[in-house]
Amino acid sequence: MKSILLHVAPDAGFPGRREAALDVARTFGGHVHCLQPRRIPAYFGADAAGFGAGAALVAELIEQETAAAKEVRAKIEAELAREDVPFTWEDAVGEPADLLIEGSILMDVIVMSLSEPGTTPQASVAEVLVRAETPVLALPPGHVGFDCTRPAVVAWKQSMESAKALRAAVPLLARAAAVTVVVVDPPEGGDLPPTEAAQYLARHGISADLEDRRTGGQGVAETLAQAVRDLGAQWMVMGAYSRSRTIEFLLGGVTRDFLDSSPVPLVMAH
């Protein structure tokens with residue numbers, strides 16, 4: 001986890017994810033790349049140039065947006081300069097999710113925030129998850145920082161998504177005080193039983209316990225959340241599952257439930 005991509009935006013979650021990015025960088029001697037997306041179309045002002053008062057208004061709005069972005073950058077860069085972590089800055093114009101996906105190609109993790117209930121985030125964690133090849137560290141609302149040395153849960157399902165998330169999280173899991181692979185209502189047989197996940201971790205020097213949970217009268221998401229609480233886990237690794245690969249933004253119920261109300265930070269991959 002040497003290269004950390006941090007989503008910069010003036011929302012309530014930014015202070016928490018900034019600290020999380022710094023925590024990961026300090027743990028691994030890494031570098032934080034700050035990406036500040038702006039939704040101003042680069043061509044908008046030119047296209048509107050011939051429309052008199054309308055063009056003037058557009059130009060004024062662009063100028064205001066640019067000035068606000070510069071103010072945010074100056075403030076955050078001053079704060080980061082006081083930290084012991086190297087960082088770079090990128091100010092880019094376009095859709096935030098698209099820019100994060102493009103910028104993540106040579107990154108080890110993308111640090112984002114889960115949205116407050118009833119709010120629309122600048123960049124959707126779900127959209128980035130299903131389109132990026134890089135894992136996402138997603139922080140719940142109000143959560144500040146990320147300590148990978150705390151106990152962790154791996155939510156295991158016999159799927160490529162779960163295996164991808166597990167592989168991506170190995171550097172973090174290697175630092176965890178305890179790791180538990182939790183499987184909910186496991187099917188009989190299959191190619192990727194939880195014992196395979198534990199053996200994979202063991203090959204990386206990570207000792208993991210196995211826990212089999214039954215839903216009973218609860219849903220899968222509620223059962224996983226209860227396991228996190230019972231085990232005292234402070235973060236969780238899980239795959240992001242979509243109902244359809246042709247409609248990628250339609251994520252499955254368990255993934256959606258945790259994106260809406262996770263009790264702990266999530267390390268996710270699709």
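The values are calculated or read from the model by the stated rules, or taken from the named source; none is laboratory data. This is a predicted model, so every value here is computed, not measured. Reconstructed Cβ throughout: ideal geometry from the backbone, glycine too, with neighbour counts over all protein chains shown. The area values use the complete protein model at the heavy-atom level, side chains included, leaving out ligands, DNA and RNA. Shrake-Rupley method; radii C 1.70, N 1.55, O 1.52, S 1.80 Å.
Points worth noting:
- GNM flexibility winner over the chain from Arg38, Arg131, Arg203 (Cα, springs under 10 Å): Arg203
- Take Ile206: with every protein chain present and a 1.4 Å probe, its accessible area is about 10 Å².
- Here the label points at Thr27 and Gln199, each 7 Å from Cα along the C-beta direction, are separated by 2.8 nm in the simple model.
- Along the chain, longest interval not containing exposed GluC sites (Glu not before Pro), exposed being DSSP loop plus at most 13 other Cβ atoms within 10 Å: 1-132
- Residues Asp147 and Ala74, FRET efficiency given R0 of 22 Å [Cβ-Cβ distance, rounded to 0.05]: 0.15
- Using alpha-carbon coordinates, inclination of helix 53-81 to the longest axis of the chain, degrees: 50 degrees
- Heavy-atom accessible surface of the chain, averaged per residue, reaches 48 Å², computed with a 1.4 Å probe.
- Considering all different alpha carbon pairs of the chain, the Kirkwood hydrodynamic radius works out to 19.7 Å.
- Figure legend: label point modelled 7 angstrom from the Cα of Val170 along Cα→Cβ; no residues of the stretch 122-137 have amide N under 11 Å from it.
- The 1.4 Å probe gives accessible areas that order Arg214, Arg18, largest first, as Arg214, Arg18.
- Unit charges at the beta carbon, dipole of the stretch 169-211: most positive-side option, Pro171, Pro193, Ala208: Pro171
- Taking Val93, Val237, Val153 as the candidate residues, the one with maximal mean-square fluctuation in a Gaussian network model of the chain, Cα springs under 10 Å, is Val93.
- Shape category assigned to the stretch 105-209 from the gyration tensor of Cα positions, a/c cut at 1.5: prolate
- Under the convention that each Lys and Arg Cβ holds +1 and each Asp and Glu Cβ holds -1, the size of the dipole of the chain around its Cα centre is about 460 debye.
- Taking a straight line from the alpha carbon of Lys2, these lysines sit under 23 Å away, with near neighbours fewer than eight places off in the same chain left out: Lys164.
- In the chain, the DSSP-assigned H stretches of four residues or longer account for a calculated mean residue ellipticity at 222 nm of -12500 deg cm²/dmol, using -39500 (n - 2.57) per stretch and the full residue count as denominator.
- Helix 220-231 and the long axis of the chain differ in direction by around 80°, with both axes built from C-alpha atoms.
- Build a GNM of the chain with springs between Cα atoms under 10 Å apart, and of Gly217, Gly253, Gly142 the one that fluctuates most is Gly217.
- Degrees separating the helix 160-173 axis from the principal Cα axis of the chain, which is the longest one: 90 degrees
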